[in-house]
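Peer 1: Got a structure for you, written out below as C-alpha cells; questions coming shortly.
The values are calculated or read from the model by the stated rules, or taken from the named source; none is laboratory data. Model, not experiment: these values are computed from the prediction. Note that each Cβ is placed from the backbone with ideal geometry, even for glycine, and that neighbours are counted across all protein chains shown. To get the accessible areas, we keep the full protein, side chains included, count just its heavy atoms, and leave off ligands, DNA and RNA. Shrake-Rupley method; radii C 1.70, N 1.55, O 1.52, S 1.80 Å.
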Amino acid sequence: CPPSGGRCSPRRSPATTSRPGRAPRPGLPVCPKPSPASSSPVGGITVVTWNVGTAMPPNDVTSLLHLNTGETNDVDMIAIGLQEVNSKINKRLKDALFTDQWSELFMDALSPFHFVLVSTVRMQGVILLVFAKYYHLPFLQDIQTDCTRTGLGGYWGNKGGVSIRLSIFGHMVCFLNCHLPAHLEKAEQRKEDFATILHMQQFEGHVASGILDHDLVFWFGDLNFRIESLDIRFVKYAIDSNILSQLWEKDQLNIAKSTWSVLSGFQEGPLNFPPTFKFDVGTNKYDSSAKKRKPAWTDRILWKIKSPSVGLGAGGRRPSRGVLSVSQLCYCSHMEYTISDHKPVAAIFAVQFASKADKPPVEIYVADEWNRPEQAVVRYKMAAGFHRSSWDWIGLYRVGFRHPKDYVSYVWARSDDGERSVSGLQVMLSEEALPKGKGEYILGYYSNTSSSIAGVTEPFQISLPRSEGSSPTDSSGSSSEEEDDSTLVLLAPKSRSPSPGKMKRHRSRSPSLAKFQGLILRPSSRDRGMSRSPSPQSRQGLPGDIPTIHLPQEEPGCRAAKGKDPGRAADSQEGNSFYQTVRERGGPQRVSADNPLARADPRNLGLLPALRLEMIDQALGQRRESADQGYPCRRMSPTSPPGCSTSPKEGSSP
C-alpha cells in the first residue's frame, strides 16, 4: 500500500482462480461465479472501519470498497464497521422506520457486484454490516449478533462493541467492531473495556460460545490508541518525511500487544499509511484548532487465529473443519474521504480454508429459461440432517438483489403443499407471482430455522409477455418504489439482521436502563411469542385494541407496511398491509381481505419494533372496552391469539 494512503492494489493469491460462469446481467460488472462444489479453498475478505463523525454519507464509496478495480472478483465477503453514526433521537426514530442512510449506501454500492447483506447490528452510533457474494449464502450458517455497551458504566452505547458471528464453510468466524474510550491517558480504560466486551458477549450453542472461541476473529474499529511520549511537532515531521516507522514503537496498541495478555495472539499489518486522526473536516490537514490534537492511528484492523490446541469440542474433538491461515494483502487508509475528522481504513485478506463444504443444505433445480407460466416448476432436495420448518419459503430474486427480503415473489416450501418427485420435493409459482418481460433471476430457499438462505440456483432467464397496459419497467418484476419499500423493513434496533423472526439471536449484555413511569411499552416479540411466518401482516387485530397512530402514506405506490417486529406488527395498524389504512369521511377504514392490499408479504416480516407510548389509564380503558365487547377471533396467521386454526391453507396468503 502506498505510504500516503488511498487506494491499494493487493497482490493476487496464486491459489485464487477464476472459474467460468453464466454471463452477467447487462450493466453489471463481470463477476465470474465459481461452482460452490468446486470453489477455491482461498476466500477473500475485506474489512473496513470508519468513524464517520455523525456526518451524512458521501455520494460514492467505490474506492473505499475497492470496486471497479478487479479486486472485487477475488473478494467473497465484506465487513464494514462504522462508529459515531448520527444517533440523535430524531435521527434514530427515522432510522427505526426506514433503513438508515449508511446501510442503504453500502447496499446500493455492493449489490451490482453480487454482494448480499448477510447480517447487520447497530448499537446507537456503532454499526456493523456483513456482505457476501450471493452464491456463498447457503454456506453461511449459525448467524448471530451481540452488542455490549461500555459508555457511562455500561448504560450508554456511545462506546462499546457489536459483533456478528457465523459459520463460513464450517469454520467459525467472528467480526467485532468496537469504539473504545478516547484520549491519551485512557489506555488502561481501553484495555478494561475490551476485556469486558470479550467477557460479556456470549453466543448460543456449544461451538464457539465466546468471541475468542472462534477459529478466526477480526477485531476493528475506532480503538482510540494514541502515540505516547513524542512531541506533536516530531510526529508531524515524521509524517511529512515519511518516516512512520519511528512512530510505531510509541504507538499504544503496539506496546499493549506485547504487554496485555488479553491481546495475546492478535496480529496487525504494518502501519504504512499516515495516522488517521485528527483532521480538519473537509480537508487533509491535521487538527489546526486550539486543542491541536496529536495525530494518531486510532482506526485499526487486527485478526486472531485460534490455536489448534485450544477450544476442543465435546469428546475432545475440534468443532471446526481444520486450521485456517490468513495473509493480509492490503492495509491502507483512504485520504480522499474528508467528511469526518477520521480517515477510513481498509484491509483485504486471503483466508486459506483447510476444507470447504461441497454441498449446500438445499439443492434447487429449475429449467434454464421460463417462457410460459407452466414452466415455473421448482424442484428441491434437502441434505440429510437439514432442519426444515413449515414456514420455509422459496424466493424469486433478480440478479443483483440486496438482501434476502429483496425478492420479486415467493412460494411456500412446505411438505404438505409440495408434490413428491423423483428428485425430491416440487412446488410451482403461480402465474400472478411471475415477473413479466425478460430478465435474469435466481431462486433462493429461505430457512426459517436458521434465518438464512440455505440454497440458491444459478441465474436463469424469465421471458414472459407483458400484460396490456404494463410499462417497460415492469420487466424487472417490481417497480422502483417496491425496491425502496423492501428495504424499509430491513433493520431494527434490537436485531439488525434481515432474517425473519430470530430476534433472540441479538442480545445486549449491558445493564438495562430504567423504564419510564406512567407509560406502557409494547412487549417485545420475545415476550409475546414470535411469528414463524415470513409474513405477519395477515393477523386480524381486535377492533377495540389500544388505539394506534396512523402514519400517512408517502407515495400511493408504497405499501402501508414499513416492517414491524413479528409480535408487534399485528398490533400496529400502520405496520399491517392487511389492514391498509385509508381516510374516508374523517376516520380510518380497513381494506377488505379480498382487496389485493391484503396480500401478505414475507418482506414485511416484522423487523422493526413498534414503539407505542400510551398513558396507563387510556390503555386500560381501551382494553376494558375490548373485553366487554367480546370480539370474535379470526385466525389469519401464526401470530393471532390462541384458539384458532394455525395452518395456512393452500392458495391463502401466509
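Peer 1: Might you check whether a residue that is over 25 Å from Ala454 (Cα atoms), assigned to a strand (DSSP E or B) and either open to solvent by 30 Å² or more (accessible area, probe 1.4 Å) or touching a Pro at 6+ places or on another chain (Cβ under 9 Å) (or both) occurs anywhere in the stretch 418-440?
Peer 2: yes
Peer 1: Something else: In the stretch 89-126, what residues are over 14 Å from the mean Cα position of the chain (by Cα) and under 18 Å from His66 (Cβ atoms)?
Peer 2: Hits for the stretch 89-126 are Ala109, Pro112, Phe113, His114.
Peer 1: Name the pairs: first residue in the stretch 101-112 and of a type in the set (Asp, Glu), second residue open to solvent by less than 10 Å² (accessible area, probe 1.4 Å), Cβ to Cβ under 8 Å, at least 6 apart or on different chains?
Peer 2: Matching pairs, first to second residue: Glu104/Thr487.
Peer 1: Output the qualifying pairs, or none if there are none: Cβ atoms under 7 angstrom, residues six or more apart or on different chains, first residue in the stretch 211-223 and touching a residue at least 40 places away in the same chain (Cβ under 8 Å), second residue open to solvent by 10 Å² or more (accessible area, probe 1.4 Å) and hydroxyl-bearing (Ser, Thr, Tyr).
Peer 2: Taking only residues 6 or more apart or on different chains, the pairs are Asp215/Ser320.
Peer 1: On to the next question. Is the stretch 337-355 home to any residue that is touching a Lys or Arg at 6+ places or on another chain (Cβ under 8 Å), buried (at least 18 other Cβ atoms within 10 Å of the Cβ), of a type in the set (Asp, Glu) and part of a loop (DSSP other than H, G, I, E, B)?
Peer 2: The answer is yes; a qualifying residue exists.
Peer 1: A further question follows. Filter the stretch 406-417 down to the residues that are surrounded by 15 or more Cβ atoms within 10 Å (Cβ to Cβ) and of a type outside the set (Gly, Ala, Ser), then identify the one that is modelled with the lowest pLDDT. Don't jump to the end; show me each part of the working.
Peer 2: Quick first cut of the stretch 406-417, residues surrounded by 15 or more Cβ atoms within 10 Å (Cβ to Cβ) only: 406-414, 417.
Adding the requirement that they be of a type outside the set (Gly, Ala, Ser) leaves 406-408, 410-412, 414, 417.
Numbers: Asp406: 95, Tyr407: 96, Val408: 96, Tyr410: 95, Val411: 95, Trp412: 93, Arg414: 69, Asp417: 46.
Taking the candidates together, the pick is Asp417.
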